[in-house]
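Working notes, beginning with the structure itself.
The values are calculated or read from the model by the stated rules, or taken from the named source; none is laboratory data. Note that this is a predicted model, so its numbers are computed, not measured. All Cβ positions, even for glycine, are placed from backbone atoms using ideal geometry, and neighbour counts span all protein chains on display. Remember, those area values only see protein heavy atoms, side chains included, never the ligands or the DNA or RNA. Shrake-Rupley method; radii C 1.70, N 1.55, O 1.52, S 1.80 Å.
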Amino acid sequence: METRSGGSGSASGGGGGGRMRLRKTESAEMRWVVSGGAYEEDEIESSDGGGGTPAAASGSRGGCSDSDDNYEEAEMLRQRLVRTGPRADSLDVEAQDVAGMNRHQEITVGRSIVLAVQTLGVVFGDVGTSPLYAFDVMFNKYPITSKEDVLGALSLVIYTLILIPLLKYTLIALWGNDDGEGGTFALYSLICRNARVSLLPNQLRSDTRISSFQLQVPSVELERSLKIKERLETSSMLKKLLLMLVLFGTSMVIADGVVTPAMSVMSAVNGLKVGISSVNEGEVVMITVAVLIVLFTLQRFGSSKVALAVGPALFIWFCCLAGIGIYNMKTYGSAVLQAFNPMYIYYYFERNPTQAWMSLGGCLLCATGSEAMFADLCYFSVKSVQLTFVFLVLPCLLLGYLGQAAFLMENLTENQQVFFLSIPNQAFWPVVFIAILAAIIASRTMTTAIFSTIKQATALGCFPRLKIIHTSRSFMGQIYIPMMNWFLLVSCLAFVTMFGSINEIGNAYGIAELGVMMMTTVLVTIIMLLIWQINIIVVLCFLTLSLGLELIFFSSVLGSVADGSWVLLVFAAVLYLIMYIWNYGTKLNGFQFLLYLRMKDFSFVGYGYKDIRKEDYISFQQLLIESLEKFMRREAQERSLESDQYDGTDSEEEVASASSRALVGPNGSINSLGVPPAEAAGTTEHPTIGSSMSFDGSLDEAIDGRGSLDDELSFIHKAKESGVVYLLGHGDIRARKESFFVKKLVINYFYAFLRRNCRRGIAALSIPPSRMMQVAMQYMV
């Protein structure tokens with residue numbers, strides 16, 4: 001952050017312009033304490049690398065008036081002072097810029113168990129409930145004609161689970177996180193931090209002094225990375241295309257969050273039709289609506305509290321999947337294990353190419369929740385997610401699908417409600433209850449992923465500002481967005497009442513999932529080439545396998561657009577337009593405001609999506625006052641040195657004598673050896689420099705010759721006591737009269753409507769209204 005003051009500022013008594021820099025360095029403040037631990041001296045600021053000794057003396061420990069005695073006492077005290085580590089500023093800790101301040105807590109054995117339970121409750125609910133509906137959607141349009149069809153469909157499910165959730169997301173995409181944050185915007189932010197491809201005006205002038213240079217051995221991969229970086233940075237078309245892909249992926253994530261609760265809850269409630277024959281489809285819809293209302297109402301209690309409560313329930317659910325699968329294989333035979341042979345996929349397409357191609361849309365549903373698993377990464381660590389999926393979630397899912405396939409091979413006509421029909425009679429109702437609970441948990445999984453994505457998009461200027469509530473003191477990523485929560489509820493209820501069947505909802509579900517998956521594949525490929533710099537053959541294998549497989553699935557789900565899936569595409573298109581218009585208007589407004597600041601030698605503070613914007617304004621006031629004092633003392637010191645250099649009346653002996661009786665602190669203060677610095681005075685009634693410092697001879701005269709430093713400091717403190725008023729600019733943009741009609745429509749109406757109805761930026765500053773004044777600025781663009 002760089003703050004500048006000019007004009008007739010308080011830093012210069014003669015009206016000259018002054019400049020103050022507040023530059024963050026890793027060791028900007030050190031602590032000097034007395035060795036031996038007898039007592040602790042006052043804290044003194046010191047610049048790291050200066051190698052100087054601290055200038056601090058306590059008047060209470062030596063009251064001699066003789067300068068030689070004072071000097072000896074100061075020397076003895078200086079030898080007893082030792083230097084400790086730097087103080088970590090709270091804002092730096094919140095932004096995670098301080099070494100040693102990890103984003104996650106230290107992981108112990110007990111904490112690992114708690115994390116594992118919470119991971120089940122937050123991350124894996126969506127993918128864990130896919131056995132409720134995957135086979136139902138696969139065999140919805142075409143009946144099963146032979147056991148080989150079951151083996152072929154099962155083989156498709158097995159290798160879809162291995163290739164997408166396991167290989168692509170768990171083993172590859174999770175490592176593409178942006179310091180623990182996952183999702184499409186995290187991938188975009190990671191790319192922007194390694195190449196200047198961001199279209200948002202959030203780059204600071206000081207960013208040019210920041211380097212992430214690492215010594216690398218020249219290689220083909222490094223050369224390719226540099227060429228890609230140059231191409232991305234110099235091509236405005238590629239920058240726009242990259243941002244458009246990210247916005248499209250985000251809109252599909254939100255659309256996915258609408259379909260997921262509807263699909264999961266309705267498929268679970270459908271189990272009531274198996275146990276109670278009198279329950280019809282309309283009653284299932286009504287029960288689903290009631291469950292969804294309860295679900296979104298409980299969302300405000302936060303991820304940690306809810307996840308710790310429902311985590312054990314989801315653990316029981318996975319155990320039920322595994323147990324039922326083992327029971328069915330023991331009852332109906334273990335011939336389904338042949339499906340691990342991928343040749344059955346080929347046989348499946350060879351016998352019934354149209355049926356196999358149409359069933360791909362339902363097969364994809366077994367991988368639903370993969371993107372949610374990646375987006376929910378901000379709640380937990382990478383290793384906890386990986387270990388839980390590999391050693392618990394995936395084995396239980398495979399056993400569950402194997403058991404359903406074993407049941408189908410002996411009951412070819414029972415191709416709907418396969419999961420509930422395969423449950424043993426003795427355990428039916430307990431499993432139905434656990435299934436409904438697991439579906440509720442699955443719905444929360446996608447909702448929390450959307451909260452994380454919206455937070456990232458809002459901070460990067462790609463989504464209208466909304467109120468964000470942090471629900472955990474331990475994890476910064478655990479949040480709740482009330483407006484988005486109720487918006488998802490209304491949209492989800494509309495989808496349930498409109499479709500009323502899991503088969504139609506399943507088609508829309510596949511489109512939303514594939515849209516996000518393809519965007520993730522493209523972004524991870526760029527990261528592989530630009531940042532990871534791995535072998536091109538590995539990159540091509542990943543791109544060909546992932547994108548090729550997703551395009552095949554996409555061709556299948558597009559065939560069902562006319563059945564009602566077009567509604568979801570329209571919904572996603574509306575969200576995309578909202579984000580694009582907001583980004584377009586914010587970019588224009590930001591550039592105009594940035595131009596205004598530069599015309600005045602001001603600069604601004606930039607935030608990333610992981611930075612905390614809610615800051616303590618009282619601490620900011622104190623920091624500002626202290627910084628002004630330091631600046632004024634430094635300026636007084638410089639003027640005194642200039643006066644000593646060009647004043648011919650003072651002899652060298654007088655200057656040397658004055659210098660020997662004064663110590664210049666690292667913060668710019670000039671202290672007498674017999675008097676403590678201003679920070680140690682301990683007085684708040686008269687916080688002026690005259691009450692804690694004394695100047696001798698030419699130094700005092702030099703300061704008085706350019707304006708009284710005492711008067712300036714006194715004026716600053718009196719002004720602070722009278723109150724601080726924050727002058728905030730409120731920028732607005734309007735399209736010029738000669739602009740095109742579309743631009744006028746977008747800027748003057750759509751963007752203006754979003755600005756009027758979103759959360760104001762000043763709400764995050766927590767400044768009392770009585771101390772705030774807004775100045776409206778309108779820009780014609």
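Some notes on this structure:
- The single condition among (1) outside any helix (DSSP H, G or I); (2) surrounded by fewer than 23 Cβ atoms within 10 Å (Cβ to Cβ) that T458 does not satisfy is (1).
- Apart from one condition, L292 fits all of (1) aliphatic (A, V, I, L, M); (2) closer than 30 Å to A186 by Cβ; (3) modelled with pLDDT under 90; (4) not assigned by the TED database to the domain that holds F124; the exception is (3).
- Scanning segment 131-151 for residues that are over 19 Å from S560 (Cβ atoms), acidic (D, E) and open to solvent by less than 10 Å² (accessible area, probe 1.4 Å) gives a single hit, D149.
- Unmet criterion (only one of (1) surrounded by fewer than 18 Cβ atoms within 10 Å (Cβ to Cβ); (2) small (G, A, S); (3) touching a helix residue (DSSP H, G or I) at 6+ places or on another chain (Cβ under 6 Å)) for S334: (3)
Here is a yes/no grid of residues against (1) in contact with a Lys or Arg (Cβ under 8 Å, 6 or more places away or on another chain); (2) surrounded by fewer than 16 Cβ atoms within 10 Å (Cβ to Cβ); (3) of a type in the set (V, I, T); (4) in the same structural domain as A186 (by the TED database):
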| position | (1), (2), (3), (4) |
| --- | --- |
| T471 | yes, no, yes, yes |
| L488 | no, no, no, no |
| I536 | yes, yes, yes, yes |
| V539 | no, no, yes, yes |
| F553 | no, no, no, yes |
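- Residue satisfying condition, being part of a helix (DSSP H, G or I), modelled with pLDDT of 80 or more and open to solvent by less than 50 Å² (accessible area, probe 1.4 Å), within set L187, L120: L187
- Single residue of V279, V284, V310 found to be without any contact (Cβ under 8 Å) to a residue 60 or more places away in the chain, buried (at least 19 other Cβ atoms within 10 Å of the Cβ) and out of contact with any Ser or Thr (no Cβ under 7 Å at 6 or more places or on another chain): V284
- The set of residues in segment 624-637 being modelled with pLDDT of 80 or more and either under 21 Å from G723 (Cα atoms) or open to solvent by less than 70 Å² (accessible area, probe 1.4 Å) (or both) consists of I625, E626, S627, L628, E629, K630, F631, M632, R633, E635, A636, Q637.
- Filtering segment 138-161 to residues that are within 21 Å of G271 (Cβ to Cβ) and either acidic (D, E) or within 35 Å of the chain's Cα centre (by Cα) (or both) leaves only V157.
- Options F420, F389, F428; residue that is open to solvent by 10 Å² or more (accessible area, probe 1.4 Å) and either at pLDDT 85 or above or more than 30 Å from G333 (Cα to Cα) (or both): F428
- Of the helices (runs of 4 or more DSSP H) lying entirely inside segment 663-767, those containing at least 3 residues that are surrounded by 15 or more Cβ atoms within 10 Å (Cβ to Cβ) and either at pLDDT 80 or above or out of contact with any Ser or Thr (no Cβ under 6 Å at 6 or more places or on another chain) (or both) span 698-705, 709-722, 752-757.
- Exclusive hit being among the aliphatic types (A, V, I, L, M), assigned by the TED database to the domain that holds T521 and open to solvent by 10 Å² or more (accessible area, probe 1.4 Å), set L161, L166, L154: L166
To keep it simple, each residue is scored yes or no on (1) in contact with a helix residue (DSSP H, G or I) (Cβ under 6 Å, 6 or more places away or on another chain); (2) more than 20 Å from E371 (Cα to Cα).
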site	(1), (2)
N425	no, yes
I441	yes, no
T448	yes, no
S452	yes, no
P482	no, yes
L489	yes, yes
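- Applying the set (1) surrounded by fewer than 19 Cβ atoms within 10 Å (Cβ to Cβ); (2) assigned by the TED database to the domain that holds S146 to L402 leaves exactly one unmet item: (1).
- Subset of segment 354-386 (residues that are farther than 21 Å from M519 by Cα and open to solvent by less than 10 Å² (accessible area, probe 1.4 Å)): A356, S359, Y379, F380, V385
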